[in-house]
1. Give me Rg/Rg_expected for segment 142-188, where Rg uses Cα atoms only and Rg_expected = 2.2 N^0.38 Å with N residues.
2. Which residue, chosen from Q130, I736, G383, occupies the Cα position most advanced towards the positive end of the dipole of the chain, where the dipole is computed from +1 (Lys, Arg) and -1 (Asp, Glu) charges on Cβ about the Cα centre?
3. Just name one of T232, L146, A197: the one whose Cα is farthest towards the positive end of the charge dipole of segment 114-253 (beta-carbon charges, Lys/Arg +1, Asp/Glu -1).
4. Could you give the dipole magnitude of segment 282-416 about its Cα centre, charging the beta-carbon of Lys and Arg +1 and that of Asp and Glu -1, in debye to the nearest 20?
5. If each of K322 and N248 carries a label point 7 Å out from its Cα toward its Cβ, how far apart are those two points in nm?
6. Ratio of alpha-carbon Rg to the 2.2 N^0.38 Å globular estimate for segment 105-198, to two decimals, please.
7. What's log10 of I(q)/I(0) for segment 464-599 at q = 0.12, 0.21 Å⁻¹, Debye sum over Cα points only, no solvent?
8. Using alpha carbon centroids, what distance separates segment 419-487 and segment 654-668, in Å?
Amino acid sequence: MDASRELSHDGGEAVRSARALAAWFAVVLVCAGAAQAATPELSTNSRLQDRREVAAGQRSYVEGFQDGRFYANGWHITGEMGGVWAPPLKLVDGVWFGIDDQWVGQATKFSSGWGYTRYDLPDTGGLHVQRTDVAPDANRAALFGLQLSNPAAADKTVTVKVDAHSELMGAYPWGSTSVPPNASNNIPDQGSFTGKALQFTDDGALPGAPEHHYAALVAANQDPASGEAAATGGNYRGPQPGHVCPANDSTSAPSACDDGPFGKGTGGELRYQVTVPAGATKTLWVAVAGSDKGVDAAQAELTGALKDPAGALAAKVASRDKLSRWSQVSLPGDELLQDAIDWGKQNLADVTQTASDLQIRWTNQGKQFPAPLGTVAHARWFGAGYPDYPWIFATDGEYTNFAAMALGQFEVAKDHLRALREISDVLNNRSGVVVHEAVSDGSIWFGHDSQTTAADGTKTNDFNSDETIKFPSAVALIWRWTGDNRFRDEMYDFARRNLRVVDQRLDVDHDGWPEGSGNVERPGMGPEKLDNGVYYIRSLYDLADMARSKHDRATAKWATKLARKLQRQFEGTWWDADAQQYADSLNNPGNDQNYQKHWIGQVPMEAELNQGDVATPGVASDDHGTTALAGRENSCFSGDRPGSLGLYHTGCGGGQDGKGDFEIFSLTTSIQAIGEGNFGRLGPDQQQRYTHANAETMFSEPATGNTPDEQPGAMPEIFPSTPNVDPPNAGIAPNIDRCWTCRSMVMQAWGNYGTAWSVVHQQLGVRPYLNDGVLQVVPQVPPGQPSVAGSNIRLGHGSVGVFASHSNAGYTTKVDATRTPVRRLMIGHTLPHRSKLSAVVLDGRRVRHYDARETNRGLEVTVAARPGGQHTLTIATR
């Protein structure tokens, strides 16, 4: 059923009964549910040996390849970032299956499901074979379900062989650390067969590190007929020969590498007698479980995982289905973006990780390994990406926060900020500086409140300024979407300390613009960065709002006064009239503009300011913002060929070396998409160009032959690019064509900002201020689309439904606020600039008192409506 075709309305038609509106939302829900039920899986059968995949839970994850094999890949610990992990511990490189005397061959089809992955494997031993991988959220364990189907008329008994190769090692140290411990100090694993399980242990201490007791166990949901294990050094990789690729190998494909230079695991084999009845199916469930607390703890995780494996899979699927019910959108004419939002919910769930007993240790980018400064008992967070960035980042989390609000994943978003606060306060002695990067064991690579002195005497901070600057805005965003004053209270002191340290220590020349690194960490930039300046204005206003709600008048006054000062000075300070773009940075003294064509030039359009319940979309002025956005929609700044449509990191001729950087990040493309939306530029050559660039990589990337970038449904970190520039540039090859240590992330969280926020906040216009009991719904329908709709958009303890359409007769907005916990409801629509209104009708009655406000989006027309009801607003123009 085409809900948009069945239920679109002319602008002058009003829905005159609550029953009709309720029926409309019921149809939308049914249609959305039917679409999701039909497509809970995405599959591919192309170049499976070159494509990585992830099956993830909150306490463990499996990273392998879509042919069902486990090849060495990743670069933080060279070649060791795949396999089975239970953060902060790697357990095994992989598991392999055989039937009788034959190893099961490479998969012929791979499928991504909601909470699991599945492989269609070649018939082996007269049986049809499938494998399902799932990482239960309840255990530090991964489950592998080998499904055997017997097409014969007689029962069949086979021997199933299970090989496992261990690699017990922590998430830190890496191979790049310059002082011990280093990944090369990895201690050899010990292996044994207990009679029921393969047992692997790693007991000892790395140089300068405390003693550890790592353990991993491999077993199935039935007792083995026999088993064996190598005490040390065994291969046991099924059909894979165990080829070790050296660290300096920058050409081999992952499928040529079975291990990397730091591997010191061992292996073993379990054998099971399995009888499959005639015409029936039987599943052998194998679990890999482990702990960094020894064998007993690992055994408890194994027991839990094997108690009911099929039930664990069902529970996982049910939990993911529950997440999918938030923010169900209908985008007629833009099903690609609609699908990206559905799968983006799963991406955020996939990157959600937890760890306990984090030992907060400042490693200074691998130059030291001192005693820990303290301990964080437990943390849960949105990992940045798999396989090399699964741990805790500030910048990634601050951008992912927007997607989490739009998609209803409030709890993890809160926990991510809690983890950053707790780690930062231990690391930086409550200075207010926010950590940059924390590994899941508590090791801190970067983000300490200190300075490094270069040989020429130049001092640089050991942290990025932008993460401290953005943190209060992340808190305020959650506060507005949830109305959770307890969370505000919990985070307020830290947020206030964030901006006080910026004001008192990071604004070195006292001009209001902070010094220090921002999102772009490239040479040749001035000390004051554009993104830091823009986000500082935003955070000052956000802190002021929280301060007023806390009756902290002094902080509210200071923050508001400084924000207004910087906002007044912004255009004159940052707009580069010659380039017709915003300068990337300022040089001291004198604030001379430095323009290097980096992507942060779009941040003035992307950032939204909030003061009370008044939103200002974009810091930039309308004329400068429109000019700057349009100026990046060309081949110098954006890909203009199929499969290369996002925003480059650095435009042609840019950067210190003048060569540009033609990497297309999911984040840079998101920033452009959100900027376009804030300026009402939603068309195919504007916002849609960039939302589609993000979405295509998940499903049908032209650069990979109209297949996903790697894993179906997963948004990667960096996209392929084929720049159309002079002089010619080779661009960036797809991940599937890159070497075993040369790849970007197969799944990266922050790119979902560009898809989810563009639709829920901008196109559907959901603008909550639940902290003040207010909801505004001011949609804007993209040109060429008949309508946009969303149901069950989570707000606090309730939700809202929205439908918006535009036709020659006018503009229609329908809102179902029956489950929306607000005391004030404003319904509106965004019209083109300077539109002339002829009639505003709410629920069939003409409205004389309405608000019409020009913003960068256009003319926002809003009307007060009764909270808790269902309403239809129509606006006619002349």
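The values are calculated or read from the model by the stated rules, or taken from the named source; none is laboratory data. If you're wondering where the values come from, they're calculated on a predicted model, not measured in any experiment. Note that we place each Cβ from the backbone using ideal geometry, even for glycine, and neighbour counts take in every protein chain shown. Ligands, DNA and RNA are excluded from the accessible area calculation, which covers all protein heavy atoms including side chains. Shrake-Rupley method; radii C 1.70, N 1.55, O 1.52, S 1.80 Å.
1. On the way: Rg = 20.8 Å, N = 47, 2.2 N^0.38 = 9.5 Å.
Its radius of gyration relative to the 2.2 N^0.38 Å reference: 2.19.
2. Going by the Cα projections, it comes out as G383.
3. The one lying farthest along the dipole's positive direction is L146.
4. So the magnitude is around 340 debye.
5. Between K322 and N248, the label points sit 5.3 nm apart.
6. Ratio of Cα Rg to 2.2 N^0.38 Å: 1.52.
7. -0.47, -1.19
8. Using only Cα atoms, the two centres lie 26 Å from each other.
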